[in-house]
Amino acid sequence: MRQGDHQGRPYYAVIMAGGIGSRLWPLSRQHRPKQALSLVGERTMFQLAVDRLRPLFPPEQILVVTGQDHANVLREQVPELPDDNFILEPVGRGTAPAVGLAAIHLRRRDPEAVMAVLTADHYIHDAARFRAVLTAAYQVALEGHLVTLGITPSYAATGFGYIRQGQRLDEYNGFTAYQVESFVEKPDRATAEGFLKSGRTSWNSGMFIWRVDRILEEFARQMPQFYQQLERVEAALGEPRAAAVLERVWPRVASQTIDYGIMEGAQDVAVLPVDIGWSDVGSWAALLDILSEDAAGNVVRGRHLGIDTQRTLIFGADRLVATIGLRDMIIVDTDDAILICPAERAQDVKKIVDKLQESGEGYL
């Protein structure tokens with residue numbers, strides 16, 4: 001394993017905790033977003049995200065980027081995180097602005113910092129291996145690379161972005177790093193099957209590791225107008241006017257993802273492929289693969305009486321959910337709304353949320 005040239009840079013984790021997770025309606029709501037829900041155990045997704053970072057990151061080196069509406073519930077769930085480590089966006093503007101905002105906070109705190117951009121609402125089964133690959137990614141980032149974690153694909157998924165591996169770089173902490181040849185967004189079935197067979201592609205996990213100075217260089221080069229806005233916000237940090245400046249600047253920031261805004265055009269990008277039992281929990285159907293199933297392949301959270309029911313998710317409230325003759329279905333029962341759909345249509349739950357937003361009926 002080759003060590004980086006600049007040892008001793010402080011390492012920070014930045015947890016992205018925005019959004020509500022609309023595909024997990026009706027459980028996920030504006031006042032109770034996906035990351036604040038207990039979906040895969042007793043702990044919430046946000047609590048699990050913090051749990052798996054220990055002991056690699058102490059609480060004072062874990063930052064959270066979230067919306068003002070969600071900050072209090074997240075603070076209550078993990079009270080050991082310092083209040084100052086919650087970075088609040090007045091309005092959501094996508095992952096690129098969220099990363100940029102965290103980066104200027106870290107540059108002010110420690111210009112030598114390395115930051116790992118992580119997620120509050122993903123499931124990772126092998127937390128120890130996850131921490132090991134974060135250690136490897138730190139070493140790669142020390143050399144100036146922008147690092148992305150690639151997930152070893154287990155099937156020809158068409159709903160994920162892919163990372164194509166280029167030249168091998170080196171081995172770090174037992175993991176092999178490669179140059180990134182290209183990013184490919186959500187391919188068709190035939191292309192995804194080709195990627196799977198090639199053995200040289202990874203799913204894009206949306207997790208990144210880089211030196212703060214390097215990512216801000218990329219913002220200045222690729223998103224110069226946004227970088228000027230960041231500079232105005234940064235100039236006010238630590239002053240009484242900081243909140244007012246952010247409130248004034250942020251609504252004018254253009255929405256953009258870190259993938260389109262930075263990564264696809266970035267210089268010197270590396271990928272670390274890894275198998276850590278990862279899922280983005282992007283829909284109710286994902287829980288059929290994550291949670292323990294009964295003899296009939298059903299995943300049940302709540303009270304269920306089933307006759308001839310197989311491979312069905314029942315995520316219920318206190319009342320009994322009875323089913324007859326169901327296959328590959330999703331049933332989510334809450335106090336004021338019930339969702340029923342085929343598992344293969346689980347991604348379309350967002351269309352229900354869109355309809356509710358249009359109608360103004362509530363339930364959001």
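The values are calculated or read from the model by the stated rules, or taken from the named source; none is laboratory data. Since the structure is predicted, the reported quantities are computational estimates derived from the model, not experimental observations. Glycine gets a Cβ as well: all are built from the backbone with ideal geometry, and neighbour counts include every protein chain shown.
Numbers below:
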item	result
Condition met for P10 (under 30 Å from R168 (Cα atoms) and in contact (Cβ under 8 Å) with a residue 60 or more places away in the chain)	yes
Checking V117 against (1) farther than 20 Å from M223 by Cα; (2) touching a residue at least 40 places away in the same chain (Cβ under 8 Å); (3) in contact with a strand residue (DSSP E or B) (Cβ under 9 Å, 6 or more places away or on another chain), the condition it does not meet	(1)
Residue satisfying all of: in the range 136-189; farther than 19 Å from D268 by Cα and at pLDDT 90 or above; surrounded by the fewest Cβ atoms within 10 Å (Cβ to Cβ) among these	G174
Among the residues listed as V321, V299, V233, V271, the single one being within 30 Å of A96 (Cα to Cα), in contact with a strand residue (DSSP E or B) (Cβ under 6 Å, 6 or more places away or on another chain) and surrounded by 17 or more Cβ atoms within 10 Å (Cβ to Cβ)	V271
Entirely in the range 265-364, the strands (runs of 3 or more DSSP E) that have 1 or more residues that are in contact (Cβ under 8 Å) with a residue 24 or more places away in the chain, out of contact with any helix residue (DSSP H, G or I) (no Cβ under 9 Å at 6 or more places or on another chain) and outside the structural domain of A136 (by TED's automatic domain parsing)	299-307, 329-333, 338-342
Matching residues in the range 117-154 - criterion: being hydroxyl-bearing (S, T, Y) and closer than 11 Å to S205 by Cβ	T119, T148, T152
Selection count where residues are under 23 Å from the mean Cα position of the chain (by Cα) and without any contact (Cβ under 8 Å) to a residue 40 or more places away in the chain, scope the range 158-181	3
